[in-house]
Every structure is written in structure tokens, then in C-alpha cells.
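Worksheet: one structure, shown below.
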Amino acid sequence: MPPPARPFLEETQDDPGRLRVAFSYDPGLGKTLHPENRKALEATTAALDRLGHEVVEVRLPLPPETFIEGYAALVSADVAATLRMAGQLVGRDATSDDVELGTWVLAKMGEAQSAADVASAMWTLQTFSRQWLAWSSAFDVLLTPTVGVPPMPIGAYKLSALQRQGLKLLTALPAGALLSQRSKVVEAFEPVFEAAPYTMVANVTGQPSMSLPLHWTEDGLPMGMLFTARIGDEATLFRLAAQLEQALPWRDRVAPHAVP
């Protein structure tokens, strides 16, 4: 990647110019668009329009099942390799007592996969990236919600006792049998994709993204708006962030739950 033209702090002093901003009401990797995210998108696109940007609605060329399957395969392989490296660092093998159950399940799934499985998943996501980047070259910035649902209490995604028991039984299976139950493992992590149905795309494509707290629920909880630019174009995001912070300042907004 070429180095930045100048420090990003200096970019915040420049006007972003008239940007072509695409936005979408699609639920991403989730199943439905939360009403709060619809309100957030409507308010944010209206603000962008007032600032002089060209705002266009698009449909996301995001195949959820194919993307999630490839993403899960690569993440589980990465978790397995990470725990293997952790064992080398501490001088003993990692055990199920060292990590959360979800992490251990992913590691066991990663160990059970073949090199061909991982290569296939990588090719799937590389193909997706090429297609997505070609599609998104028609605009400067893509706007989506950052998360799929409003902020949840800590522990909201904790596995149920039945889920924990089922996953523990899966980890005791031989590699081949475990792989045959891959769909059940992915299903157990479904709330993660509902909660974060947009951010994983830039993880795969390598695009710069930023989340700005531009929307608040009725009870004062912040919800982010995710802006994703072209690869290597962080400068545009910093300029746009500075402009939006001036137009929709959030510095003095504090969630009531955070006030003593």
C-alpha cells in the first residue's frame, strides 16, 4: 500500500468535497433490518444530503450463506492456529479450561478441517472480494449501520445450558464426525452474525471503515453508522468524519447508563 499523503489529523481540516455516498436498507448477514437502523439510516442520509453529497440507495451483493460458511472456516482455522501458538508460548498445550467454550469449539473445528477446506474457503472469499470491490468502485463511500441491533446488556449472547451441552458433545467427536455437524456449530453462532451483520465485509475485503455515533435510541443508547471507503482511502473517511462531527456533534452526548 502507498503511504498516506500526509498525517490523517491534517485530513480532518479539509472539506471532503461532494462525495457519492451509497447506502442500503439490506440486513447484510442478518435476516431483517432493525427499526432503529432504518431510522438511523433515514436521518443520516438526510444529513448527508443537506451537506451536499450525492446519496444513492443500493442493494448489497452479499450472499449471506456462502459468505458465512467461508468466513467461519477461516476464523476457525485461525483460532486453531492461535491456540497452537499460545501453547508454544507458554510451554504446554492449550486445554478447554484455558478459553471460553465458543473459542474451544472453533479451535476444534479448525483442527478438523483439511488444508483443502481452508484453501477453498479462502478462494470463496477472494472471489467475493473481487466482485464486491468492482461493484463498490462506482461510489466513494458505502453507508450501512454498524451493528444489527441496539446495544445489548453484557451477557445477552451467552450460550444457553442446552447449547453449551450440545457444543461440548460436539467437541468430543472425531474430526470427520465433527465436520459433519458444521451447520450446527454455525447455527450456535448465528446471534453473532445478527448482531454484526456488516462489519465482517471490510474484514474480508481490506477496505477502511469507520463507525460514527450518529444515532441514539429513545433511551439514550448510541448506535453507530458505518462508512466504508475504497482500499487505501482512509483520508476520505477522516475528512467526512470531521464534517459530520461538526454537523451532528456528539461530544457532549453521554448514554444515561454511563452516568453515576
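Given the condition of a type outside the set (Phe, Trp, Tyr) and either within 27 Å of GLN131 (Cβ to Cβ) or in contact with a Cys (Cβ under 6 Å, 6 or more places away or on another chain) (or both), answer yes or no: does some residue in region 3-15 qualify?
Looking for residues that are of a type outside the set (Phe, Trp, Tyr) and either within 27 Å of GLN131 (Cβ to Cβ) or in contact with a Cys (Cβ under 6 Å, 6 or more places away or on another chain) (or both), one finds none in region 3-15, hence no.
Taking into account only those residues within region 81-96 that are of a type in the set (A, V, I, L, M, F, W, C) and closer than 16 Å to ALA107 by Cα, which is farthest from the chain's Cα centre (by Cα)? Walk me through it before giving the result.
At the first step, the residues of region 81-96 found to be of a type in the set (A, V, I, L, M, F, W, C) are 81, 83, 85-86, 89-90, 94.
Among the residues that remain, those that are also closer than 16 Å to ALA107 by Cα are: 81, 83, 85-86, 94.
Numbers: ALA81: 22, LEU83: 23, MET85: 25, ALA86: 25, ALA94: 28 Å.
Ranking the candidates gives ALA94 first.
For region 60-80, state whether one or more residues are outside any loop (DSSP other than H, G, I, E, B), under 28 Å from GLY155 (Cα atoms), more than 22 Å from the chain's Cα centre (by Cα) and not aromatic (Phe, Trp, Tyr). Spell out the reasoning first.
The initial filter retains those residues of region 60-80 that are outside any loop (DSSP other than H, G, I, E, B), namely 64-80.
With under 28 Å from GLY155 (Cα atoms) added as a condition, the list becomes 64-65, 67-80.
Of the ones still in play, those that are also more than 22 Å from the chain's Cα centre (by Cα) are none.
So far as region 60-80 goes, no, none of its residues is outside any loop (DSSP other than H, G, I, E, B), under 28 Å from GLY155 (Cα atoms), more than 22 Å from the chain's Cα centre (by Cα) and not aromatic (Phe, Trp, Tyr).
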message: Only one of GLY17, GLY30, GLY52 is of a type outside the set (D, E, K, R), outside any helix (DSSP H, G or I) and within 20 Å of THR144 (Cβ to Cβ). Can you tell me which?
response: GLY30
- prompt: Can you pull out the residues in region 166-186 that are without any contact (Cβ under 8 Å) to a residue 12 or more places away in the chain, assigned to a helix (DSSP H, G or I) and surrounded by 11 or more Cβ atoms within 10 Å (Cβ to Cβ)?
  reply: ALA177, SER180
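Can you tell me which of ALA22, ALA5, ALA40, ALA46 is among the small types (Gly, Ala, Ser), surrounded by fewer than 14 Cβ atoms within 10 Å (Cβ to Cβ) and closer than 25 Å to PRO222 by Cα?
Values: ALA22 fails: surrounded by fewer than 14 Cβ atoms within 10 Å (Cβ to Cβ); ALA5 fails: closer than 25 Å to PRO222 by Cα; ALA40 fails: surrounded by fewer than 14 Cβ atoms within 10 Å (Cβ to Cβ).
Every option except ALA46 fails the conditions.
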- prompt: Taking the condition loosely packed, with under 15 Cβ neighbours inside 10 Å, without any contact (Cβ under 8 Å) to a residue 24 or more places away in the chain and in contact with an Asp or Glu (Cβ under 6 Å, 6 or more places away or on another chain), does GLY91 pass?
  reply: no
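Taking region 179-206, which residues are of a type in the set (A, V, I, L, M, F, W, C) and either at pLDDT 80 or above or touching a Ser or Thr at 6+ places or on another chain (Cβ under 7 Å) (or both)? Explain how you work it out, then say what you get.
Step one: of region 179-206, the residues of a type in the set (A, V, I, L, M, F, W, C) are 179, 185-186, 188-189, 192-193, 195-196, 200-202, 204.
Selection gives LEU179, VAL192, PHE193, ALA195, ALA196, MET200, VAL201, ALA202, VAL204.
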field: Selection within region 126-165 - surrounded by fewer than 17 Cβ atoms within 10 Å (Cβ to Cβ) and either in contact (Cβ under 8 Å) with a residue 60 or more places away in the chain or in a strand (DSSP E or B) (or both)
entry: SER129, GLN131, LEU133, TRP135, SER137, ALA138, PRO151, ARG164
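The values are calculated or read from the model by the stated rules, or taken from the named source; none is laboratory data. Here the structure is a predicted model, which is why all the values come from computation and not from measurement. Neighbour counts are summed over all protein chains in view; Cβ atoms, including those assigned to glycine, are modelled from backbone coordinates with ideal geometry.
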